[in-house]
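The structure appears right after this line, and notes come after that.
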Amino acid sequence: MATKKEKKTLFVRVDEENFEKVLQKASEIIKKGGTVAFPTETVYGLGANGLAPEAVKKIFEAKKRPSGNPLSLLVHSKEEVARVTQNIPEKALKLMEVFWPGPLTLVLEKAELVPALTSGNLGTIGVRMPDNPVPLELIKRAGVPLAAPSANLSGRPSPSTAAHVRTDLEGRIDMIIDGGSVEIGLESTVLDLTDKVPTLLRPGAIGLDELEALIGKIKIGYQDSGRAEKGFEKKGGQKYGHYTPKTPLLLVEGKNEAVFLKIAELVRLFQKNGQPAGLLLSEEGATSLFSEGIVLSSRLSETEVPEELRFVLGPATKPAEAAKKLFEGLRSLEEKKPAVIIADGAFSLKGPGRALLNRLREAATKSIEG
Ligand code: TXA
Ligand code: MG
């Protein structure tokens, strides 16, 4: 990255003992219009005063984010939502009651108070109450909602550790609060409530079925292997690409054995052309492809894919575990600089499985049936 280091970034590991002191410092930075990265339960966020255009501008600059891409606001109470939005529908109140604090961003009509720069010039704004004491306390102390996108350079995988934030944003922001690994690892579910029928704009840990059980029918407003409603229009940030790993990524979808066989075939094809492949695998994939004694006609050897070029996400049947490690897997494989990354897409669609597959599809240069 040919980016000049512009400022000193304070890096602090937060714990029970220094919590007060760290939060005091962070809130001073926010009050002065600066930028602070912090953990949330989904991914690390980069926060600034969401009501001050000069502060919000720094987020766009640090992330190199296109200025039309709307930011959402993190709030620390349901009451704060009434300050930054208007005409809150009944359905939104129900959702907040059940799922907040938590991984659900609600897109609502924006109040005058919110600057156009924050909302990407839209009349709407995304709001979320995170389930992590660091941002909750920071918002409370700073006395303002935080504009807070994920704390990565635009187009890079979202950060699930403070080290990821450091890689992307050191020298570009004022402070990084290290609170360890995040719990979920995928960004929040985004639900637009500004039309009569709500629209799911981004799948996340809270699934469609859970939402529909509470508020009734929801439209799918993102591209998910043709499941999107016909003629759906891209809303807000969907116009902008994201999750683009530096290395081309091939996603192999389908049922276990078929997927693993296809992966082995692809590895050999690339190898013939002198192109080593990195593998992003389920535990089942790793076992099938590399374990001694497993009878798979095309078991791969250590020389075909050395251990350091394999990243195991977790059991295919437990997508929550895999989701937590996805962005770490993408980042760590990229660092090893294989010619291509081949990803196992045989994960269960239970729970956050759908969101996991959605992120894999977005990262993929190409999706292949196994
Ligand atoms: O879990 C999360 O949501 C994390 C943590 C840090 O809170 N944040 C996050 O922010 O992922 P960001 O900016 O990377 O993603 C927010 C998503 C984007 O896809 C954005 O386009 C969409 O929400 N969004 C925000 N405001 C919107 C609006 N008014 N209309 C439509 N989409 C909106
Ligand atoms: Mg993001």
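Readers should treat all values here as calculations from the given coordinates under stated rules, not as data from a laboratory. All values derive from a computational prediction rather than experimental measurement. So basically every Cβ, Gly included, is an ideal-geometry build from the backbone, and we count neighbours across all protein chains shown.
Details
- With a Förster radius of 41 Å applied to the beta-carbon distance between residue 79 and residue 317, the computed FRET efficiency rounds to 0.50.
- Normalising by residue count, the chain has a Cα convex hull of 139 Å³ per residue.
- Reachable lysines from residue 91, criterion Cα separation under 27 angstrom, eight or more residues apart if same chain: 78, 110, 140, 196, 217, 219, 230, 234, 235, 239, 350
- Placing R0 at 30 angstrom, the Cβ-Cβ distance between residue 18 and residue 170 gives a FRET efficiency of 0.90 after rounding to 0.05.
- Segment 4-220, dipole about Cα centre (Lys/Arg Cβ +1, Asp/Glu Cβ -1), debye to the nearest 20: 920 debye
- Taking GluC sites (Glu not before Pro) in DSSP loop states with no more than 12 other Cβ atoms inside 10 Å as exposed sites, the chain has its longest site-free stretch at 113-228.
- Within the chain, percent of DSSP bridges classed antiparallel, to nearest 5: 35 percent
- Charged neighbours of residue 94, selected by a Cβ distance under 15 Å, balance to -1 (K, R count +1; D, E count -1).
- Whole-number percent relative contact order across segment 42-154, with pairs defined as alpha carbons under 8 Å at least 6 apart: 46 percent
- Here the contact order of the chain, divided by its residue count and restricted to Cα pairs under 8 Å and six or more residues apart, works out to 19 percent.
- For residue 121 and residue 272, the FRET efficiency from 1/(1 + (r/R0)^6), where r spans their Cβ atoms and R0 equals 56 Å, is about 0.65.
- Cα gyration tensor, segment 275-338 - rounded (a/c under 1.5), prolate or oblate: oblate
- Ordering 312, 339, 323 by Cα displacement along the dipole of segment 295-340 toward the positive end leaves 323 in first place; charges were set at the Cβ atoms of Lys, Arg (+1) and Asp, Glu (-1).
- Normalised contact order of segment 4-220, rounded percent, pairs of Cα under 8 Å and 6 or more residues apart: 31 percent
- Set of lysines near residue 337 by C-alpha distance (under 26 Å), chain-local residues within fewer than 8 positions excluded: 4, 5, 63, 64, 246, 262, 272, 324, 325, 366
- Calculated [222 nm] ellipticity per residue, helices only, for the chain: -10000 deg cm²/dmol; basis is -39500 (n - 2.57) per DSSP H run with n ≥ 4, divided by all residues, nearest 500.
- Estimated inter-spin distance, residue 28 and residue 109, nm [label 7 Å along Cα→Cβ]: 4.2 nm
- Point-charge dipole on Cβ atoms (K/R +1, D/E -1) for segment 6-135, about Cα centre, debye to 20: 540 debye
- Net charge in the neighbourhood of residue 129 (other residues with Cβ under 12 Å of its Cβ; Lys, Arg +1, Asp, Glu -1) is -2.
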